[in-house]
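Read through the structure below, which is laid out as structure tokens, and then see the notes.
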Amino acid sequence: MRFISEISPSTYLTRLSLELDKPITSLKAVHIKGFGPNFTDDDCLFPLKALDQLLSADVVVFDGDDFSENDFTRSIRDYLKTKKQASRLLAFKFADEIESHFIPAWSKCIFPNTDDAELAYIAVSRNDVNASRHLYDIDAAEAFVLSTSKKSFIPYFSKDNLLNNLFEPLRASQVEYVALGTFAIEQMRKAGARVSVVSWGGWLVVGYEFIQNSILFSDNDNKVMWSYFHANRRNPVSGIIQEGVLSKILKHPMLTHSDKELS
């Protein structure tokens, strides 16, 4: 795995445009997001439909999550193995976590064909993200959930405990990563790439981020389409299967999802 530091999305996309002989506005960036830790081999495989979207991209983008066999980043393994030398990855990561977390974690990502894989990254300043936090209003996200759920609620949870069980208050670190993820999409779009999102589970943080996107990019010219796939996770303590329920609760024109095709 080769690590390449990029100054900005614009410089990265300019280089990619030259390599592929395509204008920047034709470059397709697919952001992948998803579940946190505690997946096991008993849990569902990364959906083939989602993998197809990654394989069709000019670059797969993620929010700098550390590589692990036990969370959604293992889906990047499938992408690398299938895409092989043509694979292109771009991560957005807080600058103070590059040396301490990001590079050590991804250095352990040793799969067939990854010796030639390129992992570009953009070191993002927390100050830059925090300066944009006025765009990422968590209170507005909660209000959106409540107003949407009252109109198109599917009785998966009762209305009285909707926020407690689904969009519960985020920890400060989670809020920061919602902001980082939204910032990454916004920056790629500003640089001129065509952007879509594929999410495999991750209903809490991803759900908030989806709502932020639905508020920021709501008109047709700015719309960012999300594809959400359920991820079944077996609780390692209780053995109970937990299912991502974002698309069961929210019915929204920006959100497509698959309940059935999980393998």
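The values are calculated or read from the model by the stated rules, or taken from the named source; none is laboratory data. Quantities reported herein were computed from a predicted structural model and do not represent experimental measurements. Every residue, glycine among them, receives a Cβ derived from its backbone with ideal geometry; neighbour counts consider all protein chains shown.
Details
- Segment 209-254, residues that are modelled with pLDDT under 65 and over 17 Å from F72 (Cβ atoms): N220, K248, I249, L250, K251, H252, P253, M254
- Scanning segment 22-42 for residues that are of a type in the set (D, E) and either modelled with pLDDT of 95 or more or part of a helix (DSSP H, G or I) (or both) yields nothing.
- Across segment 174-224, the number of residues qualifying as touching a strand residue (DSSP E or B) at 6+ places or on another chain (Cβ under 6 Å) and part of a loop (DSSP other than H, G, I, E, B) comes to 4.
- Failed item, numbered, when F72 is tested on (1) closer than 16 Å to L119 by Cα; (2) at pLDDT 90 or above; (3) within 12 Å of the chain's Cα centre (by Cα); (4) not polar (S, T, N, Q): (1)
- Residue that is nearest to E209 (Cα to Cα) [pool: residues in segment 1-19 that are surrounded by fewer than 14 Cβ atoms within 10 Å (Cβ to Cβ) and touching an Asp or Glu at 6+ places or on another chain (Cβ under 9 Å)]: I4
- Of all residues in segment 182-192 being over 10 Å from N213 (Cα atoms), out of contact with any Ser or Thr (no Cβ under 6 Å at 6 or more places or on another chain) and not hydrophobic (A, V, I, L, M, F, W, C), the one that is surrounded by the fewest Cβ atoms within 10 Å (Cβ to Cβ): K190
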